[in-house]
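The values are calculated or read from the model by the stated rules, or taken from the named source; none is laboratory data. Quick caveat, the model's predicted, so the values are computed rather than measured. Positions of Cβ are backbone-derived with ideal geometry, glycine not excepted, and every protein chain shown enters the neighbour counts.
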Amino acid sequence: MATYQLNVNGQSKKVDVDPGTPLLWVLREDLKMTGTKYGCGISACGACTVHVDGIATRSCVVPVSLIGNRKITTIEAIAQDPVGRKVQDAWVEKDVVQCGYCQSGQIMSAVALLKATPKPTEQNIEESMGGNLCRCATYVRIREAIKSASEQLT
Amino acid sequence: MRAEKNDLHLNRRSFLCASTAAAGGLLVSLYLDFPAFAQEGRPSPPPKVYPPDAFVRIEPSGKIFITVNRLEFGQGVQTSLPMVLADELDADWSQVVAELAPAAEVYKDPLFGIQMVGGSGSISHSFQQYRELGAKTRAMLIAAAADRWKVSPNDCRAENSVVYGPAGKSARYAELAERAARKPVPNTVRLKNPSEFRLIGKKVPRLDSRAKCDGSQKFGLDLDLPGMKIAVVAHPPVFGGRVKNVDDQEARRLSGVKDIFEIPLAKGTGVAVVADRFWTAKQARDRLQIEWDLSGIELADSSQLRAKFKEMARRPGNVAVARGDDKAMSRTPAARRIVAEYEFPYLAHTPMEPLNATVSFKGDKAEAWVPSQFQTLDQMAVAQALGLKPEQVTFHTEYAGGGFGRRAVIDSHVPLEAALIAKRFRDTPIKLVWPREDDVRGGYYRPMHAHRVEIGIGADGMPAAWRHVVVGQSLVAGTPFAAMMIKDGVDKTTVEGVEDTHYNVPNFHVSAHHPVVNVPVLWWRSVGHTHTAFVMETLIDELATRAKMDPIAYRRKLLKPDAKKLRTVLDLLDQKSAAWRKNLPKGHAAGISCHECFNTAVACAVEVSIENKRPKIHRATLAVHCGLAVNPLSIESQFQGGIGFGLNQLMAQGAITLKDGRVEQSNFDGFTPPYIGDAPVAVDVHIVPSTEQPTGCGEPPVPVISPAVVNALTRLTGKRYRNLPLAAV
């Protein structure tokens with residue numbers, strides 16, 4: 001066990017965990033932030049996507065010991081970001097969710113995409129969202145919501 | 001492993017009894033009362049009376065809580081059933097809050113007689129029930145207002161959570177609720193005419209949208225209870241394997257490990273690991289050295305099974321349908337005969353939220369939290385494992401991250417494992433998690449199938465004789481469902497979509513073989529239609545091509561006169577897709593299919609090209625006849641998503657295979673469902689206007705997509721694609 005001081009959603013959080021514990025499980029079980037989801041544990045589905053220093057990251061394969069003082073942003077705080085808020089609102093406006101389990105990760109990936117590429121092409125969308133699995137296959141509405149959010153970013 | 005003999009909590013013999021019971025005997029005593037399938041000569045039970053107070057609660061704040069007798073796992077019933085009730089209640093929709101019902105008698109499916117989600121029945125079975133509940137509650141509120149004002153209820157009307165009376169009188173539902181609750185529940189109520197609906201038939205956004213976009217929606221796996229421990233189970237590498245010996249020394253060295261012990265499983269035995277955290281439990285499980293006893297166990301091998309099934313399909317099986325003249329085939333000249341053999345693999349459901357169940361055992365009672373499609377059976381299984389009666393188990397329905405049938409398991413094996421572990425940790429909630437690897441390797445798949453079809457074509461280009469053999473494991477043999485679903489040795493779920501085809505073939509013979517294989521199988525969204533619609537719709541397309549006819553016109557001509565829903569959707573599809581089908585870019589082709597299941601008819605047109613030897617789906621147009629469309633917005637979503645789910649069959653790595661009894665895939669890197677680039681870029685859904693009884697929308701989207709895509713591919717390459725998953729095109 002080791003103690004880490006993490007910067008999560010702008011707040012300093014102290015955790016006492018095994019150094020190999022993936023960030024995902026520290027968020028979910030130690031910090032009780034369950035908006036970030038476990039889907040596969042091998043970075044193959046994207047349900048666990050968070051931002052680490054603004055970069056979309058699969059938290060299920062990043063050991064907490066590697067985080068250091070990097071800034072972690074999760075779905076719980078993404079509305080505080082202007083792009084994040086617009087993406088969330090577009091998701092609601094387009095009635096994207098079905099079971100909803102993967103959508104935290106989808107939204108985190110979409111926010112990262114739109115921050116880097118405010119006017120994405122279909123190909124940009126397929127590349128950036130290509131690792132986020134949705135078993136309900138809400139993909140058509142995900143595309144629509146990303147385009148809708150993009151239009152509102154101008 | 002600690003000595004079990006000295007363990008006060010674990011009495012091995014009684015555990016094994018529980019295991020045996022769970023594997024088959026547990027449900028024998030269950031009286032599956034399916035009123036919809038009442039046996040001849042057995043009187044139907046009288047219609048159930050549902051007390052409104054079990055479904056509606058109006059609080060002083062004005063908030064109206066509506067209880068949903070179903071699991072919400074994406075299908076949108078958490079919004080649609082409250083819409084139905086709120087419409088008849090004349091409730092202020094902005095004040096409606098939906099709650100998922102716990103397991104209880106009153107929440108059983110009115111037709112199936114158990115509490116469940118399946119058969120695309122959530123709306124179709126509860127539509128009338130929820131309308132009546134809303135109308136009765138409204139009548140009670142009006143009666144309360146009439147009492148207060150000393151006027152006739154006939155002089156009062158309700159609108160938007162307010163009752164209006166004579167002389168400008170009005171009262172909010174919230175003010176009337178307490179008095180209304182004491183009024184008698186009316187036996188009969190007038191229901192609205194469709195023209196009076198304010199919510200039903202409107203595009204109403206989901207009630208759970210915001211919570212599912214900001215991370216606040218809790219699913220079963222998110223449950224966090226005081227003192228809760230996390231459990232994982234080391235399952236045998238082969239279905240039914242038993243623990244021979246365990247070395248858990250390394251595992252127990254990990255800080256946070258609470259206990260490690262053997263448990264019986266629905267099939268075989270396993271080793272449970274209980275720890276403070278999931279990560280610790282999983283690490284500890286990885287450190288276990290387990291020797292397994294696989295003696296006497298069949299080691300299933302999918303390539304051997306494929307050959308065996310193919311061989312079996314060459315002989316007729318148990319007869320499902322024999323219509324017309326059996327000699328018609330032999331009279332058809334060889335040049336006008338087609339013989340087609342098809343292969344379908346095992347498919348996993350892999351809902352995004354890994355399987356889980358939480359159980360807390362308190363001696364004379366227990367509590368369970370399960371994202372369950374089968375609350376009645378899961379509650380019984382937990383009770384049985386703990387030596388309790390079902391009513392001693394408070395059973396909470398948790399929101400589920402998908403399911404597609406995987407949370408409707410007759411042997412309740414996941415909640416059962418959780419209960420057996422919780423039994424050892426009295427007053428401690430145990431959350432059992434099946435890591436993704438357990439789910440992918442854990443069985444309960446859509447079964448493998450082989451089909452062999454011989455068609456004799458008439459001089460007019462239409463099929464005159466059709467002999468069809470289906471080979472696949474039964475989903476229900478040996479369970480209480482068998483009596484209802486197996487007839488003359490044929491499991492309905494194996495041949496549905498063929499035996500009840502709406503195509504008019506005069507001489508028609510369908511039979512089935514049900515080999516027994518040591519791989520647990522289960523219904524997978526749309527069940528038998530996943531493979532039967534593929535076979536039917538690719539063959540019909542082939543016949544249309546041979547007859548040099550337009551695929552839509554050919555289908556129309558071949559449909560039986562009474563196939564009204566399918567005709568309507570084919571007409572609508574033709575109309576909505578004609579423009580793009582006639583202007584396809586070079587290298588693109590259109591593919592057509594149609595299918596009716598769960599009383600809903602769907603027609604599909606897709607635009608496909610080939611990129612990197614895979615189909616690229618540019619668009620899909622769907623026409624749907626589902627009776628009265630309760631929430632067209634959620635129906636549109638179900639159809640857009642459902643066809644994406646159906647594409648699983650075409651994915652290069654979209655199959656489960658076994659070698660030496662072991663599943664060869666373990667996660668999404670080996671079993672790979674469709675991602676965004678694999679799904680259609682755009683899907684337009686057109687719903688036939690109707691005031692008929694609403695029919696299912698969860699499963700009917702799934703069957704149509706893969707045959708439509710393959711029919712388009714055939715138009716591009718001239719090849720037939722009869723073996724799934726789809727290899728390089």
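Evaluation of residue B:447 against the conditions (1) closer than 27 Å to residue B:304 by Cα; (2) at pLDDT below 95 shows that the sole unmet condition is (2). Against the condition of a type in the set (S, T, N, Q), assigned to a helix (DSSP H, G or I) and within 10 Å of chain B (Cβ to nearest Cβ), how does residue A:98 come out, does it pass? The answer is no for residue A:98.
Only a single item in (1) in the same structural domain as residue A:140 (by TED's automatic domain parsing); (2) not in a loop (DSSP other than H, G, I, E, B) is not met by residue A:25, and it is number (1).
Scanning for something among the β-branched types (Val, Ile, Thr), buried (at least 24 other Cβ atoms within 10 Å of the Cβ) and not in a loop (DSSP other than H, G, I, E, B), does the stretch A:31-47 turn up at least one residue? Lay out the reasoning, then the answer.
Just the residues of the stretch A:31-47 that are among the β-branched types (Val, Ile, Thr), to begin with: A:34, A:36, A:42.
Subset that is buried (at least 24 other Cβ atoms within 10 Å of the Cβ): A:36.
If we keep only those that are not in a loop (DSSP other than H, G, I, E, B) as well, we get none.
For the stretch A:31-47, residues among the β-branched types (Val, Ile, Thr), buried (at least 24 other Cβ atoms within 10 Å of the Cβ) and not in a loop (DSSP other than H, G, I, E, B): absent.
Tallying residues that are closer than 18 Å to residue B:53 by Cα and aromatic (Phe, Trp, Tyr) within the stretch B:139-187 yields 1.
Is there a residue being within 13 Å of residue B:215 (Cα to Cα) and without any contact (Cβ under 8 Å) to a residue 40 or more places away in the chain anywhere in the stretch A:62-79? Yes, that holds for at least one residue. Scanning the stretch B:163-180 for residues that are crowded, with 20+ Cβ neighbours inside 10 Å and under 21 Å from residue B:196 (Cβ atoms) turns up B:163, B:165, B:173. Condition (residue is assigned to a loop (DSSP other than H, G, I, E, B) and facing chain B (nearest Cβ under 10 Å)) applied to the stretch A:51-65: is it met by at least one residue? Checked against the condition, which is being assigned to a loop (DSSP other than H, G, I, E, B) and facing chain B (nearest Cβ under 10 Å), the stretch A:51-65 yields no hits at all.
I want to confirm something. Restricting to the stretch B:618-655 and keeping residues that are aliphatic (A, V, I, L, M), within 11 Å of another protein chain (Cβ to nearest Cβ) and in contact with a helix residue (DSSP H, G or I) (Cβ under 8 Å, 6 or more places away or on another chain), which single residue is surrounded by the fewest Cβ atoms within 10 Å (Cβ to Cβ)? Step through it out loud before you land on a result.
Let us first name the residues in the stretch B:618-655 that are aliphatic (A, V, I, L, M), namely B:620, B:622-624, B:628-630, B:633, B:635, B:643, B:647, B:650-652, B:655.
Now narrow it down to the ones that are within 11 Å of another protein chain (Cβ to nearest Cβ): B:620, B:633, B:643, B:647.
When the remaining residues are screened for being in contact with a helix residue (DSSP H, G or I) (Cβ under 8 Å, 6 or more places away or on another chain), the result is B:620, B:643, B:647.
Working: B:620: 29, B:643: 30, B:647: 23.
Across the stretch B:618-655, the extreme among qualifying residues is B:647.
For residue A:88, state whether it is closer than 26 Å to residue B:651 by Cβ, facing chain B (nearest Cβ under 10 Å), free of Cβ contacts under 8 Å to residues at least 24 places away in the same chain and among the polar types (S, T, N, Q).
Working: closer than 26 Å to residue B:651 by Cβ: no; facing chain B (nearest Cβ under 10 Å): yes; free of Cβ contacts under 8 Å to residues at least 24 places away in the same chain: yes; among the polar types (S, T, N, Q): yes.
Taking the combined requirement at face value, the residue does not satisfy it.
Quick one: is residue A:93 under 13 Å from residue A:146 (Cβ atoms) and facing chain B (nearest Cβ under 8 Å)? It is false that residue A:93 is under 13 Å from residue A:146 (Cβ atoms) and facing chain B (nearest Cβ under 8 Å). Of B:343, B:311, all but one fail to be part of a helix (DSSP H, G or I), more than 30 Å from residue B:76 (Cα to Cα) and more than 14 Å from chain A (Cβ to nearest Cβ); the exception is B:311.
Taking (1) among the hydroxyl-bearing types (Ser, Thr, Tyr); (2) part of a helix (DSSP H, G or I); (3) at pLDDT below 95 in turn, residue A:109 satisfies each apart from (3).
Evaluate the following for residue B:670: is it out of contact with any Cys (no Cβ under 7 Å at 6 or more places or on another chain), in contact (Cβ under 8 Å) with a residue 40 or more places away in the chain and assigned by TED's automatic domain parsing to the domain that holds residue B:555? Judged against the criteria, residue B:670 is a match. Checked against (1) away from chain A (no Cβ under 14 Å); (2) of a type in the set (Lys, Arg); (3) surrounded by 15 or more Cβ atoms within 10 Å (Cβ to Cβ), residue B:206 passes all but condition (1).
Mind counting the residues in the stretch A:112-154 that are at the interface with another protein chain (Cβ under 7 Å from one of its Cβ atoms), in a loop (DSSP other than H, G, I, E, B) and hydroxyl-bearing (Ser, Thr, Tyr)? The number of residues fulfilling the criteria is 1.
Considering each of B:526, B:511, B:577 in turn, give the residue that is farther than 19 Å from residue B:700 by Cα, in contact with a Gly (Cβ under 8 Å, 6 or more places away or on another chain) and of a type in the set (Ser, Thr, Tyr).
Numbers: B:526 fails: farther than 19 Å from residue B:700 by Cα; B:577 fails: in contact with a Gly (Cβ under 8 Å, 6 or more places away or on another chain).
Selected residue: B:511, the only one of B:526, B:511, B:577 that is farther than 19 Å from residue B:700 by Cα, in contact with a Gly (Cβ under 8 Å, 6 or more places away or on another chain) and of a type in the set (Ser, Thr, Tyr).
Annotation: of all residues in the stretch B:420-445 being of a type in the set (Ser, Thr, Tyr) and closer than 14 Å to residue B:522 by Cβ, the one that is surrounded by the fewest Cβ atoms within 10 Å (Cβ to Cβ) is B:445. Against the conditions (1) modelled with pLDDT under 95; (2) within 18 Å of the chain's Cα centre (by Cα), residue A:34 satisfies every one except (1).
Out of A:20, A:35, A:105, A:46, one residue alone is facing another protein chain (nearest Cβ under 7 Å), among the small types (Gly, Ala, Ser) and closer than 30 Å to residue B:441 by Cα. It is A:35.
Restricting attention to the stretch B:577-617, and to residues there that are in contact (Cβ under 8 Å) with a residue 12 or more places away in the chain and among the basic types (Lys, Arg), which single residue is surrounded by the fewest Cβ atoms within 10 Å (Cβ to Cβ)? Across the stretch B:577-617, the extreme among qualifying residues is B:613.
Screening the stretch B:656-675 for residues that are within 10 Å of chain A (Cβ to nearest Cβ) and farther than 17 Å from residue A:137 by Cα and picking the one that is surrounded by the fewest Cβ atoms within 10 Å (Cβ to Cβ) gives B:669. Return the residue satisfying two criteria in turn: it lies in the stretch B:271-308 and is under 30 Å from residue B:226 (Cα atoms) and of a type in the set (Asp, Glu), and of such residues it is farthest from the other protein chains (Cβ to nearest Cβ). Out of the qualifying residues, it is B:286.
Is one or more of the residues making up the stretch B:701-709 within 13 Å of chain A (Cβ to nearest Cβ), crowded, with 24+ Cβ neighbours inside 10 Å and part of a loop (DSSP other than H, G, I, E, B)? For the stretch B:701-709, residues within 13 Å of chain A (Cβ to nearest Cβ), crowded, with 24+ Cβ neighbours inside 10 Å and part of a loop (DSSP other than H, G, I, E, B): absent.
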